[in-house]
Structures are given as structure tokens and as C-alpha cells.
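Quick notes on the structure that follows.
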Amino acid sequence: MPSISHWGLFLCASVASAARLTVSIPSTPPLLPNPGTLPLSTHAVLVGPPGVRYDVPIRRDSTFVFPDVADASYLLTLHSRDYFFPPLRVDVSKATDASQQQTIQAWQTFRGNEWDNKGPNYGSGKGELQLQLQPSGHKDFYQARGGFNIIGFVKSPMILMALVSAVMIFGMPYLMDNMDPETKAEFNEMQKSSPLTGSGGAADQLQNFDLAGWMAGKGTNSASGGGGSKKR
Amino acid sequence: MLLPLLSAATLLLTPSLAVFQDEAFHIDYHFALLGAPKESTTFFHQPNPASKASLIYTLSEEGALGAVNPRDGSLVWRQLLQGQHQSNASFLRAGEGQDLVVSGSLNQVAAWSAEDGRLAWRTATDGVLRDVEILELSDGKEMVGAKDAVALSGSHGAQSSVVRLDGATGAVKWTYEFDGSDEAYQVSASSTHIYAILLHKTLLGYLRIRVVSLDPVTGKKIDEYMLSSENELATADTIVSVGANSASPIIAWTDAAHSTLKVNVVGSKAISSFTIDQHAGETVARVQVHAPYHINSLSHFLVHYETATSHWADVFHVDVNNGKVTKAYSLPKLAGKGAFSTSTSDANVYFTRITRDELSTVSSASHGILGRWPVTSFGVVSGIGEVIEPVHAVSEVSVKGDAVSAIRTVVLLSTGDWILLRGGTATWNRPEILASTVAATFAMPAEVEAFAERLQAEASSNPVSAYVQRLTRHIAELKDLPALLVSFPQRVVNGFLGTSEDDLASDNFGFHQIITCATRNGRMLALDAGNPNRILWNRQVADLKKEQAWNPRLASSKGGEVTINSQAGTGFRYNISNGEQLVSILPVDVEGDAKAAREVRFTMTDSALDATVDSKPAWHFSPASGQTIHSLVPRPVNDPVASIGKVLGDRRVLYKYLDPNLALLVTKSSLTLGPSNTATFYVLNTVSGAILHASTHNDIDLTSPIATLISENWLAYSFTSAASATAPKGQQLVIGELFESLVPNDRGPLTGNQNYSSTISTPEPYTLTHTYQIPEAISKLAVTRTKQGITSRQLLALLPDSGAIVGIPYNALNPRRPVGRDATKDEQAEGLLRYNPVLEFDPKWLLSHQREVLGLEEVVTSPALIESTSLVFAWGLDVFGTKISPSFSFDILGRDFNKFQMLGTVAALGVLTFVVAPLVTRKQVDQRWKFL
């Protein structure tokens, strides 16, 4: 199969006065500040009608030169290890008469769309076309492992809850011990009257819930009733 | 109970999409190869004229051009020139003090930056290149800048021509066309002339050497003459050498019997004749000339004679003034093969001789040995009892006073390894022989397979006997306990540091399979897939003549051995762990029932496929008119299928159309019948010959590769479609899946049948297909294989344009992806997404990730002993291998398992227990006091 592609090149190379296409890669700062860093294996392929295929490697000045392109409609693909490049459609059309040169035009094309669906024009020229092609994205090969992250671990709500309760369990007795008697009394009073823990609070009510009484339709005596109390 | 099962099932459904950062470069391996270097195109050269450090440049027989760092043998850069595997001549030259190397192959002359390998210019010539030279001393006015190149080209029957190309741009400065149809042979440049050497065929069929001298500046002919080679030259093969770019280039040739050596200094008509000594009646098999390659070095040359068992050499001097050639001295005859290399230092010329066990350097002026180093080992493996011989060598010598102070010699060995000798010690080797791999297979070492079989037996027998078996096995293993205890601390340390063990026998996961590779030149070698940097053995298995193909096929039928079938013979078996040939007694299968295995034989030609059962014709397939058969791929023999159906999201089942005799046949328009450009893909039942599915694609580029695959109940193929106004142009990947019926929980005509025979009735499958537009051509397709086929599959595709191998998860291709609507809840539960006609290859799917794997041609896969993992091995020019877990490594702890974290957690829990214990005790005591 390399031999076939080579023969395609061979045949077309002998076609005289064919068009010349130069594709250069400009410096595109955030993505590719220096096109000189592109790997050596970067190459451009023009795929034409069956059997016609040109494959050129990157040059020292980060360009790709197709010296002799025969009349046809081509798909231009840039293959690079590290970057994506958009595919282009390149049309080389016959000169109207012998004195004139071929017309060469390039547009962006979209994979999976019909061939006539052309994108923005990348330029056109007589006998020669120089166009610039910017990379469209960087290739990222590696999947990051969902590793262990101590901050993320601590930030998770479950762990936060556990930590808070641990502080309560261990810290409360010391806090209580270190309070002066007045505050302590006040605190105890507060606890008694709190709706959750005090007498008549929700917890207390739940614990002393009179199931039989409730079944019998006995109303609750507390207006602020929580828990299972219902109003008629 | 159901929950873990369910979660396990979803785990299997989730495809592993990527290569993990911590696994890349550890689980995969890659030999970036060049192929066997050619002697004439290998040299040391300074990439930067200002620096002293030089690189080794070579253009190999595989058509790869590259630079290798002589310090460690690593590849600095490489380019694939067109015309891989073609026997066409190719050339590589570097001008002294130049930062370019100039290559020539087929009709392309190209200059490459010596430092980084980027292309400087490329020029096509009219005919096939016969020679390329750098013009060293040119017209004097443009000595600064790049030196010009001269190229000689000529096709058969066409006019030959010489062109001078500008060294900086590659532009043609002048062209000289020769009259007549003499075959162009070589071009040679001295300081004042360009000499073109052509071969003129006389009426009697002999060759005469025609020399045309040209003016380098104008390209005009200065002189032309014929050398009277009489009737000695029957073919161009006996022309030993046409020295180039030396102060006095020479032409040397011998007669067919290698009895006399004739030497002519180009530019004069005088021919010096020397008789070749016939030592002890041995016939000289080969004569080679080694001459310096610098225009201002002494015009001395060495002639190397080789018989079947020995070699020797003579050194000749050329008198530059009168063109007289005299023999200066001889180097003694030694047993075995040897190699000579020429190096220069200023004007002095040194010859280095490499034999099986010694390296020695002499000056061209006298026979006194300037340096001698014993070579104890070349540092490579070979077959049992094989003597490793040097094939050719290139040296870099630095001489201080009268002794060689340092010498580096890069040698190609008969084992196909390319090594560097610093003095007499081997410092690195590159297994370039792997670049010519034509067949490869995985084989399980015998011990591992025996172990796996024992485990299998235990798993399948009843609990009591399994227990007894396991107990006896453990008792038998007790004898290894002392050794285990000794190695235990080391193993624990290794386990924590992630340095894996290299023990082949104790490989319980089946990662250490042995890959045997057969090469184009009749050698076979073995690699350990778990520790690939070491070649286990490397031996010659077939004695081939030059350019002879042997089409080997490798297979491993049982553990510990590999069988090779080729044109050289069938059924040769080798022990995979040491390469020993096993005595070939045809095994008699006592248990096998001859009647049960009815043989179906296939004969395939371009225009028909015939099947015979029991030597009676069974069926015949002939393609549609104007079509020829392109390829036929059957389902793999070992293709386990875990489930006969596909479970849908609502727990109903679609039954797969499973038949062991499926094959995918491709026919395409024959190129001779005009440009109709269609290809048809048939799914055949190879027993009944029934066509189960066929699809035709028009407007296909038949010159680009068509990759096909069939496995389980699905098929895949890829092709390049040509442009038409309404259809997309580019590469397409088609995937099809065969079902017994498209109604869930229904087996169609097979409902209720226990058995059926495809020769009696062939129920037709219901086929779903999807076509995806892919960004680049696929040259080969393969599929991952696991032990039981439970793990989800990945479609492996070789991408020649990117130099990569991609593993596409089957779910991304699934032909049941809904078209034109979003996936329903049930479909989403299956992992199906809405169909999108464009399938971009996510870089995370690339198994080769950052590596650039060039020239891959074939890929094989093999199941490991654990279900999650499949081993992959791909070859071509480069060799690449990895192991992949398409559904993550669910049955083995991977690299993501952090042993330190686990230990840390255990330790933290232990500490916590000690801290909390007194608290709890106190609380319990307190409670007692409260309530009592």
C-alpha cells in the first residue's frame, strides 16, 4: 500500500506546470507559541481522487509544500501528534487556456457533511496558494486518576458532620466544666426550655409518646407540638 | 445480594476510555526502530559543524532514515522515506561540515536538517535515482553555505541524466542528458570533474563501462570513453565498487569467478589487474572495496575478500600523479567472517577490522597495528551453538600520535542486532531485526499453562475433590517455601516500590507471555511480553537466498511451544523459552475422533472461492462481474462469547446471531476493468456457503487500505470514500451486528430449537449497521480478546498517518445507537448514546499515547489469565505492545491502588483504637456508677 500511494505521487509529479500549495503554521500564542516545537512526524496529506495522494513532511520553517498538485478536488489533513488541525478542502481547477495558470482554492470542510458544504474560505490563488492553518486544539492523552486528596476528603459533608460531632463529644464536657456556675445554670435552663431537649420538647414527646392515647383520638396538650402531633 | 451483582454488571458495561498517566510508559513498550542499516548509507557525522559531538546517520533497508545517538543508542530523529520494503537503491550523503544530510530514494532527492531531521528541500527527478553525491569542491565562488548535490537518474529504456541541485533550495542548476539508452550506474565527483559511469550492453550481452566526465560548473560534457573490460562483466553484480568523492575515485570489478581484480582510476584509461589469491582451494565468494570518502584524504583503499569460512584483505595505494595502483600490504587471513571499516582523520586513512573476537586498527600507510581490543561478547543473544559474526561496521577513530586513543565502532551483527563497541566492549544494542518482522504470535510458557490448567481443573471438579487437589498442590508447593521465605522481604519491597518481578514461572496473571517473531530474513526470535527489553533468543530457522520470501505463519497450539509453517516447510516446532527445535514427530491424537472433525478446505483465487468438504466440492463463490476478491477474514478460532444475548435496559434480551463459521469476504472492482470503484462486503457462512449479509459501497478509493474484521456476532470494516458533491469525502468505519431477531426475548425461527445445522437450514440474521466518518485511514483492525469474553470489547485500529494504535470502545460504535433522537432511559442504562455520524478519535483512546509508532502493519491480541486484561502486540517497522483492560482492571489491583495509603489507614485506625479505648472504658465505668 505504500507503493501504491507512492505511484500516485510518481504519476502526478511528472505532470508539468501543476499548482503549488504551501501551508504554513503560524504562531498561535496560548495554544502553540512556537510551531518549531511541532514533532518531526507532523505531516500533511492531500487525498484526491482514487490513487492520487500526496504526503509531505514538515519543513524547517514549519511549512508544508506540495510542489505539483494536479487538477482535482482534495481533502487536506494535517496529522500531528500533539495538535488537532481542521480539515480543509482544496480545489485545483484547470486553466481556461494554455497561457493561464491553474486556479487553486481552499475552504474549511466538515467531517460527516456532504462535500459541497464548505466553510470559510482560506484563500485562492493562480498557480500558487499560500495559506495559514492554525491548530484547533491540543491533544490530551492521559486520563487523570481519581486520586486521594486530603483537602477534598475533609471538605466532604459527611466528614464535616463527623468532625463536628466529634468536637461536640470531646469538647462539650470540658466546655461545661470550664463555665462559671451562673452561666451553667442559665445554660441548663435554656436546655430545659428548648423545643428539642427540654421537657415537653420534641425529643421528650417522642420518647414518651402515648400511642394508645393517640389511637384513641386524644388530642395533644401542647400547641407547639412537634413530632407526630397533628391538628385537626 | 442483587446489588453487588448489579454494580458489577454496570462496571463491566462502563468502558475504560483511556490510558492512565501512571501506567503510560510502564505497561506499554515500544522499539523505535530503523531496520537493518545499509553499509553504504551509514556514517558518523557532526550535525552541527561547530560542535564535536557526532551522531550516527543511517538509511536502512526498510527505507527509514534516522540519526542515532552513539552514547546510548537512542533515536534522535527519523523519517520514513517512501518505498518501504522495496529493493530499490537508496542513498544517503552528508557533506563535510554541513548541517544537512541528503537522501535519495526512488525519484526523490531530499535534504534533511542533520540536527532535528526536518525537511530542508525535496526535488523530484525524471527517472529513478541511480546515485546521489555531494559536490565537495565546487566552482570556488559559493563555498559558503550548503554544498550542492549531484543526482544521476535513469529508468529502464529511458534516457539517463545528471542534475546538479542547489544545496540550499534544491533547485536544479543544470541537467545533462546522456545519449543512447545505456544504464546509469553511478556518479562520482573529484575536485574538478563529475564522472558519470554508465553500463553499455554489447551485442554479445556483456557490459562495458562507459565513463562520461562533465564540468561541474556548466554541466557540459568534457570527455567520454569506454573502459575495455573485455568479456569479464556479465552482470553489474561483479562491479565491486565505484569509489566516490575521493582524490582519485576508482572503479573496481572482478570476473564472475572472482579470480582477478581489475582497478581503474576514474579519469585515466589504464586498468591495473591483480590476481586474487585462492587460499587452499576455497573459492572467493565476495569481494568488497573499502575506500575513504573524503576528497582530501590519501587515496588508499582496502579490498576485502571473503570465502565461506574465512576472510582477508589487501591494501592498495593509488599514485595520484600517474594513476598507478600498487598493492601496499595484506592483512592476514582469519577464520570466520569479518568486517572492515574506513575512517579518516585529516588526510590519514585508518582501516578497522572486526572479527568474531577482536577489533584492530591499522593505518592505510603501513601494516603496523595501532590498536587492538579483544571482544569477549557482543552483548546480544543468539541461537544455541550459533557463532555471531559481524556483517558490516562503521568506525570513528581518534588517533593521538601513533596509537588510537578512542574508537567507536557501530556493527551490524549476523543476528540482526546493531551494536556499538567502545574499544572492545559493547555499550548498547538495537534489535533492528525486529523491524523486519513478518509474523508474530503469543505463546504461554509451559509452566504457566500447566498452572492455569490445574486451577481450571480445581474450579470445575466437585468441592471435595477440588479441596483434596488444592491440598495436595499446596503440600507439593511446600518444598518451595524456604526459597520463598528468603526472597520474601525483597518481594515485599518490590511490591511497594512498584518494581515488578521478572520471574517467568511465577506469572499467575498470564502477563509474561512469550511473543515469537519470524523475520523476513528467516530468523525467529522471542520476547517476553512482561519484560520486553530482553530478547530471550534469536536464531536462524530458514536458510533463505537474497530477496526470497518464505511467508511464515506462527501458531502456538499448546503451552511452551510454537509451530511455524512456511514455504520452507510445515510443522516445525520450537521450545519458546530457549528456541530449541523440538523433534518433529507428528503427534497422533489418540482421543480425537476422526469423524467428528470434518475438514472443510478452501481454495481462494482472485476470482473465486471454493470450498470442499471431505474432498467433495461443497460450494463455490464467484464475485459479481468485474469484481475480484480482495480479502477474506474468518472469525478468530479462539473467540469466546460470554453471553448468547444482549441484555437490554428493561431486562429483556436480544439474541445474538452466533455461528463459529462466519467470515467476512470483500470483493472490489478489478482495476483493469475501468474506474467503477465499488467494493462489496459479504458475511458468509463458511460451511454452507450462504451469504448472510451483503453491502456494496460505491465511489471507494480502492488504492487506499480496506481493513476488515469479524468477531463474535459483529463485523467492522473501514475504507476511504472518494468525493462526490452530495456525499462526504474521507474515511469511513462501518460496524454491523447480527441478531437472531430484532424483537427482544424472541429467537425468531430458532425458537425452541436446541440444535440446528447450518448445512440443513441457515436462518438469516437481522443485521444492524452504522457508518461513522473517521478522521483518518485505518490500515488494520483487530479486537481485544479476553479469557472468557465477559469483558467489553475494544476495536483496535492501526492509524498509519498518525503513527498510532487506537482502541475504540465497542459502545462508542454500537450499531444500536439511536438515530435522530436522544436515547431513552432504558437505552441509557445500556450505555447507548445518540448516534453521531462523525467519530473523532479521542486522544485518550490512543493506546500508543505519546509514542510515535511508525510503519505498523499487523496487530495481534491474546487473553491474559485474568479476565480483565488483553495483551496487544503490533509490528511493522516499529514494535509496540501493551496490555489493556477494556472494562478497567476489576480483578487485579492496579497502579491506582495505593499501598501506602492502605497501610496508613490501617495504622491510623490502630492508633485511634488505642486512643479511644480508655475513653470507652471510662464511659462504661461511669455508666455503671450512674445506674447502680
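The values are calculated or read from the model by the stated rules, or taken from the named source; none is laboratory data. All figures in this text were calculated on a predicted structure; none of them were measured in a lab. Don't worry about glycine lacking a Cβ; one is built from the backbone with ideal geometry, like all the others, and counts go over all protein chains shown.
In this structure, is B:Asn661 surrounded by fewer than 19 Cβ atoms within 10 Å (Cβ to Cβ) and in contact with a Leu (Cβ under 9 Å, 6 or more places away or on another chain)?
Yes: the conditions hold for B:Asn661.
So B:Trp428 ticks every box in (1) within 24 Å of the chain's Cα centre (by Cα); (2) surrounded by 20 or more Cβ atoms within 10 Å (Cβ to Cβ) but one. Which box is left unticked?
(2)
Which one is nearest to the chain's Cα centre (by Cα), of the residues in segment B:629-644 that are in a loop (DSSP other than H, G, I, E, B) and of a type in the set (A, V, I, L, M, F, W, C)?
B:Val637
Which of the residues belonging to segment B:760-793 are within 14 Å of chain A (Cβ to nearest Cβ) and β-branched (Val, Ile, Thr)?
Selection gives B:Thr771, B:Ile774, B:Ile778.
Quick one: in segment B:706-726, of everything that is within 22 Å of B:Gly789 (Cβ to Cβ) and of a type in the set (Ser, Thr, Tyr), which residue is farthest from the chain's Cα centre (by Cα)?
Filtering segment B:706-726 for residues that are within 22 Å of B:Gly789 (Cβ to Cβ) and of a type in the set (Ser, Thr, Tyr), the one farthest from the chain's Cα centre (by Cα) comes out as B:Ser711.
What single numbered condition from (1) modelled with pLDDT of 75 or more; (2) over 21 Å from B:Phe301 (Cα atoms); (3) surrounded by 14 or more Cβ atoms within 10 Å (Cβ to Cβ) fails to hold for B:Gly180?
Of the numbered conditions (1) modelled with pLDDT of 75 or more; (2) over 21 Å from B:Phe301 (Cα atoms); (3) surrounded by 14 or more Cβ atoms within 10 Å (Cβ to Cβ), the odd one out for B:Gly180 is (3).
Scanning for something small (Gly, Ala, Ser), farther than 27 Å from B:Pro617 by Cβ and touching a His at 6+ places or on another chain (Cβ under 8 Å), does segment B:687-700 turn up at least one residue?
no
Taking the condition more than 39 Å from the chain's Cα centre (by Cα) and either over 23 Å from B:Val240 (Cα atoms) or of a type in the set (Phe, Trp, Tyr) (or both), does B:Gly180 pass? Outline the logic, then answer.
On the way: more than 39 Å from the chain's Cα centre (by Cα): yes; either over 23 Å from B:Val240 (Cα atoms) or of a type in the set (Phe, Trp, Tyr) (or both): yes.
Taking the combined requirement at face value, the residue satisfies it.
Out of (1) in a strand (DSSP E or B); (2) modelled with pLDDT of 85 or more; (3) surrounded by 14 or more Cβ atoms within 10 Å (Cβ to Cβ), what's the single condition that is false for B:His620?
With (1) in a strand (DSSP E or B); (2) modelled with pLDDT of 85 or more; (3) surrounded by 14 or more Cβ atoms within 10 Å (Cβ to Cβ) applied to B:His620, the lone miss is (3).
Of all residues in segment B:846-860, count the ones that are in a strand (DSSP E or B) and within 14 Å of chain A (Cβ to nearest Cβ). Can you show your working first?
From segment B:846-860, those in a strand (DSSP E or B) are B:846, B:856-860; that's our starting set.
From what's left, within 14 Å of chain A (Cβ to nearest Cβ): B:846, B:856-858.
Residues that pass the stated criteria total 4.
I'm checking my understanding of the structure. Among residues of segment B:59-111 that are at positive phi and more than 11 Å from every other protein chain (Cβ to nearest Cβ), which one is modelled with the lowest pLDDT?
First, the residues of segment B:59-111 that are at positive phi: B:63, B:73, B:83, B:85, B:97, B:106.
From what is left, the residues that are more than 11 Å from every other protein chain (Cβ to nearest Cβ) are B:73, B:97.
Numbers: B:Gly73: 89, B:Gly97: 79.
Going through the qualifying residues, I end up with B:Gly97.
Quickly run through segment A:130-163 and pick out the residues that are facing chain B (nearest Cβ under 9 Å) and of a type in the set (D, E, K, R).
A:Lys139, A:Asp140, A:Arg145, listed by residue number.
Pick from segment B:691-711 the residues that are in contact with a strand residue (DSSP E or B) (Cβ under 7 Å, 6 or more places away or on another chain) and assigned to a loop (DSSP other than H, G, I, E, B): which of them is surrounded by the most Cβ atoms within 10 Å (Cβ to Cβ)?
Only one residue fits best here, namely B:Asp701.
Filter segment B:341-370 for residues that are surrounded by fewer than 24 Cβ atoms within 10 Å (Cβ to Cβ), in a loop (DSSP other than H, G, I, E, B) and of a type in the set (Ser, Thr, Tyr) and give the result.
Result: B:Thr355, B:Ser366.
Mind telling me which of the residues B:Pro863, B:Pro809, B:Pro843 ends up being farther than 30 Å from A:His79 by Cα, of a type outside the set (Gly, Ala, Ser) and either surrounded by 18 or more Cβ atoms within 10 Å (Cβ to Cβ) or away from chain A (no Cβ under 14 Å) (or both)?
Only one candidate qualifies: B:Pro863.
Can you tell me which residue in segment A:14-42 is surrounded by the fewest Cβ atoms within 10 Å (Cβ to Cβ), limited to those that are in a strand (DSSP E or B) and over 26 Å from the mean Cα position of the chain (by Cα)?
For segment A:14-42, the residue satisfying everything is A:Ser24.
Looking only at residues in segment B:724-742 that are part of a loop (DSSP other than H, G, I, E, B) and in contact (Cβ under 8 Å) with a residue 12 or more places away in the chain, which one is nearest to B:Pro775 (Cα to Cα)? Spell out how you get there, then give the answer.
Of all residues in segment B:724-742, those part of a loop (DSSP other than H, G, I, E, B) come to B:725-726, B:728-729, B:740-742.
If we keep only those that are in contact (Cβ under 8 Å) with a residue 12 or more places away in the chain too, we end up with B:728, B:740-742.
On the way: B:Pro728: 12, B:Glu740: 33, B:Ser741: 33, B:Leu742: 31 Å.
Ranking the candidates gives B:Pro728 first.
I need the full set of residues from segment B:720-746 which are more than 11 Å from every other protein chain (Cβ to nearest Cβ) and either in contact with a Pro (Cβ under 8 Å, 6 or more places away or on another chain) or surrounded by 18 or more Cβ atoms within 10 Å (Cβ to Cβ) (or both), in order please.
Result: B:Leu733, B:Val734, B:Ile735, B:Gly736, B:Glu737, B:Leu738, B:Phe739, B:Glu740, B:Ser741.
Collect the residues in segment B:883-932 that are over 59 Å from the mean Cα position of the chain (by Cα) and among the hydroxyl-bearing types (Ser, Thr, Tyr), keeping them in residue-number order. It would help to see each step written out before you state the result.
Quick first cut of segment B:883-932, residues over 59 Å from the mean Cα position of the chain (by Cα) only: B:914-932.
Selection gives B:Thr921 alone.
Being under 30 Å from the mean Cα position of the chain (by Cα), at pLDDT 80 or above and within 14 Å of chain A (Cβ to nearest Cβ) is true for just one of B:Ala663, B:Ala679. Which residue is that?
B:Ala679
If we scan segment A:60-77, do we find a residue that is facing chain B (nearest Cβ under 8 Å) and of a type in the set (S, T, N, Q)?
yes
Return the pair list, or none, for Cβ contacts closer than 9 Å from residues in segment B:208-225 that are on the phi > 0 side of the Ramachandran plot to residues that are aliphatic (A, V, I, L, M) and assigned to a strand (DSSP E or B), at least 6 apart or on different chains.
Close Cβ pairs satisfying both conditions: B:Gly219/B:Val162; B:Gly219/B:Val163; B:Gly219/B:Ile194.
For B:Pro818, are the conditions met, namely being surrounded by fewer than 22 Cβ atoms within 10 Å (Cβ to Cβ), in contact with a strand residue (DSSP E or B) (Cβ under 6 Å, 6 or more places away or on another chain) and more than 26 Å from B:Gln21 (Cβ to Cβ)?
So B:Pro818 fails the test.
Within segment A:78-87, count every residue that is in a loop (DSSP other than H, G, I, E, B) and more than 8 Å from chain B (Cβ to nearest Cβ).
Counting residues in segment A:78-87 that are in a loop (DSSP other than H, G, I, E, B) and more than 8 Å from chain B (Cβ to nearest Cβ) gives 4.
What pairs come up if the first residue lies in segment B:320-334 and is within 22 Å of B:Ile276 (Cβ to Cβ), the second is exposed (fewer than 15 other Cβ atoms within 10 Å of the Cβ) and among the aliphatic types (A, V, I, L, M), and their beta carbons are under 8 Å apart, counting only those six or more places apart or on different chains?
Listed by first residue and then by second, the contacts come to B:Gly323/B:Ala270; B:Lys324/B:Ala270.
Look through A:Ser62, A:Ser80 and report the one residue that is buried (at least 19 other Cβ atoms within 10 Å of the Cβ) and touching a residue at least 40 places away in the same chain (Cβ under 8 Å).
Working: A:Ser62 fails: touching a residue at least 40 places away in the same chain (Cβ under 8 Å).
Every option except A:Ser80 fails the conditions.
Just one of (1) surrounded by 14 or more Cβ atoms within 10 Å (Cβ to Cβ); (2) within 14 Å of chain B (Cβ to nearest Cβ); (3) closer than 25 Å to A:Leu32 by Cα trips up A:Gly112, so point out which.
Failed condition: (3).
So which strands (runs of 3 or more DSSP E) stay within segment B:25-114 end to end and still have 2 or more residues that are touching a Pro at 6+ places or on another chain (Cβ under 8 Å) and surrounded by 22 or more Cβ atoms within 10 Å (Cβ to Cβ)?
Ranges flagged: B:55-60.
Looking at the structure I just gave you, is B:Phe378 surrounded by 24 or more Cβ atoms within 10 Å (Cβ to Cβ) and either among the aromatic types (Phe, Trp, Tyr) or at pLDDT below 90 (or both)? Write out each step before concluding.
Values: surrounded by 24 or more Cβ atoms within 10 Å (Cβ to Cβ): no; either among the aromatic types (Phe, Trp, Tyr) or at pLDDT below 90 (or both): yes.
No, not satisfied.
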